[in-house]
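Trainee: Dropping the structure in here first, questions after.
Each value in this text was obtained by applying a stated rule to the coordinates, not by laboratory testing. Everything numeric here is computed off the predicted structure, so don't read it as measured data. Here the Cβ positions follow ideal geometry from the backbone for every residue, glycine too, while neighbour counts run over all protein chains shown.
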Amino acid sequence: MTLAEGIRKHGFRKWYERELLQSHAHLVLCFFCVIGLFASVEAATRFRDWHEQLIDGTAFVLCSAVGLWALRRYLYLLAHAEAAAHQADCPACKTYGRLELLQSDASGENVRVQCRKCGHVWQIGE
């Protein structure tokens with residue numbers, strides 16, 4: 001969900017919370033993939049026929065690929081949420097996260113917002 005959609009649909013604070021929860025879910029997936037990697041390496045050390053070794057190798061490659069994807073997604077979502085959160089303080093009254101969406105660009109990541117407390121308008125984006 002883009003920043004503009006999140007602010008429009010849920011408000012900034014709920015969007016931020018959801019981004020953090022989603023990013024940490026990817027971290028948990030990465031942790032499970034590491035466990036799968038250890039299990040596949042352990043299983044591969046036992047001498048068995050080539051068919052079972054092929055299954056262990058496939059599990060290793062699959063856990064590696066999914067784990068790397070999950071780690072990259074975790075880091076991206078976390079950095080994206082933190083970058084937006086650092087810009088969510090109203091420059092005029094220093095109120096955090098009480099934003100109203102005014103307009104956004106085509107990507108939905110550069111948005112103009114207005115403070116609900118004092119009415120100051122500023123840009124949030126990458």
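Trainee: Treat each spin label as a single point 7 Å out from the Cα along the C-beta direction, and report the residue 103 to residue 13 distance in nm.
Mentor: Going from the residue 103 label point to the residue 13 one covers 2.9 nm.
Trainee: Over the Cα atoms of segment 3-124, Rg to Rh with Kirkwood Rh, two decimal places?
Mentor: Rg/Rh: 1.27.
Trainee: Here's a follow-up. In cubic angstrom, how much convex hull volume per residue do the alpha carbon atoms of segment 1-59 span?
Mentor: Hull volume normalised by residue count: 72 Å³.
Trainee: Out of 67, 97, 36, any idea which swings most in a Gaussian network model of the chain, alpha carbons joined below 10 Å?
Mentor: It is 36.
Trainee: Among 11, 31, 81, whose Cα lies farthest out toward the positive end of the dipole of the chain, if unit charges sit on the beta carbon of Lys, Arg (+1) and Asp, Glu (-1)?
Mentor: The residue sitting farthest along the positive end of the dipole is 11.
Trainee: Please list, in order along segment 71-83, the HN-Hα scalar couplings obtained from phi with the Karplus expression 6.51 cos²θ - 1.76 cosθ + 1.60 (θ = phi - 60°), rounded to whole Hz, x for Gly and Pro.
Mentor: Using θ = phi - 60°, the values come out as 5, 5, 5, 4, 5, 5, 5, 5, 5, 5, 5, 5, 5 Hz.
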